[in-house]
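Okay, structure first, notes after.
Nothing in this text is a laboratory measurement; each read-out follows from the coordinates by a stated rule. Please read all numbers here as calculations on a predicted model, not as lab measurements. When we count neighbours, we look across all protein chains shown, and the Cβ atoms used for this are built from the backbone with ideal geometry, even at glycine.
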Amino acid sequence: MNKGTLPIIARLQSLQSAARVAPGGARVIASISDQSPLAALLREVNETMLGRALAFESSNGTSLTLEVSGRRVLRLTAANGLSGVDSCLSAQALEDEHKDDLIKLLQSVAAPRCELRVSASRIGREREEVSIGLPVALLADLLLIDLNLPEAASEPGLEPEPPPELEPKALPRSKVRLPPAASEPGPGLATGPMLGRFARGCSPALIAWLIVGGEEDGTTDGPEEMISHLQGFLEVEGEALSLQLDQISTEPGTPVCIQLGATLTEGHSILCARSGEGFLLGVIEGDGTQTLMRAWAAALA
Amino acid sequence: MGVIESLGAVVKAYPQARAVAFADLSSSMILASQGRDDVTQEILDRLCKQARASFDDPLFSLSVEAFGEPHGAIVMGLESVRVFLRSESEPADALCCICDHGIDLAGFVARIRETLEHITAGG
């Protein structure tokens, strides 16, 4: 397997994880059996570009809150059950002199054989300066953690085990099936509710999807594990998602669709659309850009 | 080639691109733009806010958790297609584009990705 695909496969596996959300809405980023909760913590910081307060809570009773932005740890704003927090807590911005103390705190919270949870909240725009703080890459280097590899590979001396290939076609599929999809939206697809037409028109690039709300509520297609994760996301984040779609819409109340991904033309992307009361959420594989645009135009027609 | 020239070259190559703007997402500010005359500053300001919202939660977190950090977004509405790309090396740098339906999206995305990295590299 191409080494470059390892992070993607690891994330796809996490997408299919059955239990990722802890009571209270926090996400579980490391379970008791994980070899390196610390790597999971640093990857969480590494994947946070916009300003966020990340509250990490361990099952050992300790917790801390970091303000992060642009792959940097800007500040430590709260800590519970930890000693040696004063220098970091009192700093307006974390600098090189704080890195050793901060690492000790991170190691205490992200202790082995403990479940680690994270919840994120926004921070004020004025607190987002990205020219300050400690780069997560620096912390990872000091801790000998590779931010881009699955956990097993980040343990010194351990060869990364090749993760099992994902075989979406072999996974059990959801019970609600749709008619076979055409590779391009044709005249026959321009019937029925809009989101379903759009989803069918996006096939085969759209490998898993579901519709929540509206007259097509409960319509799904794709691997059950993926559908289940998407369903859970909508249950938890439905209101926030609606607000986000309001912000990207040019005209309130009109249909809107967003594809969000690393490159948009390779790998996987998230697809989300809203029409009336209905939400469509799905996963796109490969380059679906042209198919999506045609399907969208056909669905609107 | 300067920023304006780079953006202008994209518009010239893709006439269905109504506007191509270089923005700083951290300050939500359009720094340079090229395109049709009817694209006003107010439209560009709104475009920049939409770009920032596109790379925000909850979809940002879902994408990160599932596939890694997103650097591209395509937003489709009734009237237009908007494409937002963030630089991989300087995540606050972004290109924000308004296009007509029917544009060659795959080719356009590849072109503006190249343009963005060129601009970010100081070219």
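Select, from A:Gly213, A:Gly288, the only residue that is away from chain B (no Cβ under 12 Å), under 21 Å from B:Leu78 (Cβ atoms) and in contact with a strand residue (DSSP E or B) (Cβ under 8 Å, 6 or more places away or on another chain).
Among A:Gly213, A:Gly288, only A:Gly213 is away from chain B (no Cβ under 12 Å), under 21 Å from B:Leu78 (Cβ atoms) and in contact with a strand residue (DSSP E or B) (Cβ under 8 Å, 6 or more places away or on another chain).
Which of the helices (runs of 4 or more DSSP H) found entirely inside the range A:36-116 contain at least 2 residues meeting this: closer than 18 Å to A:Leu138 by Cα and touching a strand residue (DSSP E or B) at 6+ places or on another chain (Cβ under 9 Å)?
Of the helices (runs of 4 or more DSSP H) lying wholly inside the range A:36-116, those with at least 2 residues that are closer than 18 Å to A:Leu138 by Cα and touching a strand residue (DSSP E or B) at 6+ places or on another chain (Cβ under 9 Å) span A:37-46, A:99-109.
Can A:Gln259 be described as on the phi < 0 side of the Ramachandran plot, within 7 Å of chain B (Cβ to nearest Cβ), free of Cβ contacts under 8 Å to residues at least 12 places away in the same chain and buried (at least 17 other Cβ atoms within 10 Å of the Cβ)?
It is false that A:Gln259 is on the phi < 0 side of the Ramachandran plot, within 7 Å of chain B (Cβ to nearest Cβ), free of Cβ contacts under 8 Å to residues at least 12 places away in the same chain and buried (at least 17 other Cβ atoms within 10 Å of the Cβ).
Looking at A:Ile227, is it within 12 Å of another protein chain (Cβ to nearest Cβ) and either at positive phi or buried (at least 18 other Cβ atoms within 10 Å of the Cβ) (or both)?
So A:Ile227 does not fit the description; no.
Tell me, yes or no, whether the range B:88-107 has at least one residue that is surrounded by fewer than 22 Cβ atoms within 10 Å (Cβ to Cβ), within 13 Å of the chain's Cα centre (by Cα) and among the small types (Gly, Ala, Ser).
Yes, that holds for at least one residue.
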